Amino acid sequence: MAFDTDMAGPLGYFADVSRTYLCGDRRPTAEQQELYEFAYQFIQESIRLFRPGMSFPEIAEKAPAFPEKYRANRYVVLAHGAGMSDEWPAIYFPDVSWSGFGNDPDVLHENMVICVEALVGREGGGESVKLEEQLIVTARGPEVISRAPYDWRFVQ
């Protein structure tokens, strides 16, 4: 079961967190484990990139590459803003953009709220995993503010 919150809270502030959980008390299949591990590692490795002064194209280039087997089903963005607006700014994968010209040449600024996300599944596959963390860009580095737990059967 996967959920993607996309909620507006007090005074219009926006939050966006995603998790995928395995229902029941069984162990994950090998495919489920592989999808979850890639999504989790993508999120964890990408978070470190969200520091003041990092450009959107630089983040896109330095983020972990999505294997070809997952590209058809991934989201078009690897991260997007949250706060008083939904989904702006958008940071696209290096091979995708809304304009056809790549990412905006903008940079991250201190106190921006960003959501880093991964949707992982094979084209034509029967399952996928969606994970997303919300963070604040701080002078000390990214601070994760989402608190939803991961499924302990996938992440030890």
List pairs: first residue in region 14-37 and free of Cβ contacts under 8 Å to residues at least 40 places away in the same chain and open to solvent by 60 Å² or more (accessible area, probe 1.4 Å), second residue part of a loop (DSSP other than H, G, I, E, B) and of a type outside the set (Ser, Thr, Tyr) anywhere in the structure, Cβ distance under 7 angstrom, at least six positions apart or on different chains. Cys23/Met1
What pairs come out if I take residues in region 139-150 that are assigned to a strand (DSSP E or B) and pair them with residues that are open to solvent by less than 60 Å² (accessible area, probe 1.4 Å) and among the aromatic types (Phe, Trp, Tyr) whose C-beta lies under 7 Å away, six or more apart or interchain? Pro142/Phe50
The lone condition Gly81 fails out of (1) within 17 Å of Ser146 (Cα to Cα); (2) open to solvent by 40 Å² or more (accessible area, probe 1.4 Å) is (2)
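Does Ala63 qualify as being free of Cβ contacts under 8 Å to residues at least 40 places away in the same chain, of a type in the set (Gly, Ala, Ser) and surrounded by 15 or more Cβ atoms within 10 Å (Cβ to Cβ)? First the steps, then the outcome.
Details: free of Cβ contacts under 8 Å to residues at least 40 places away in the same chain: yes; of a type in the set (Gly, Ala, Ser): yes; surrounded by 15 or more Cβ atoms within 10 Å (Cβ to Cβ): yes.
The answer is yes for Ala63.
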Quick one: which residue in Ala72, Ala30, Ala63 is within 15 Å of Phe93 (Cα to Cα), among the hydrophobic types (A, V, I, L, M, F, W, C) and more than 13 Å from the chain's Cα centre (by Cα)? Ala72
With respect to Gly53, is the statement that it is farther than 15 Å from Tyr150 by Cα, open to solvent by less than 20 Å² (accessible area, probe 1.4 Å) and in contact (Cβ under 8 Å) with a residue 12 or more places away in the chain true? no
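The values are calculated or read from the model by the stated rules, or taken from the named source; none is laboratory data. Values in this document were obtained by computation on a predicted structure and should not be read as measured data. Don't worry about glycine lacking a Cβ; one is built from the backbone with ideal geometry, like all the others, and counts go over all protein chains shown. The area values use the complete protein model at the heavy-atom level, side chains included, leaving out ligands, DNA and RNA. Shrake-Rupley method; radii C 1.70, N 1.55, O 1.52, S 1.80 Å.
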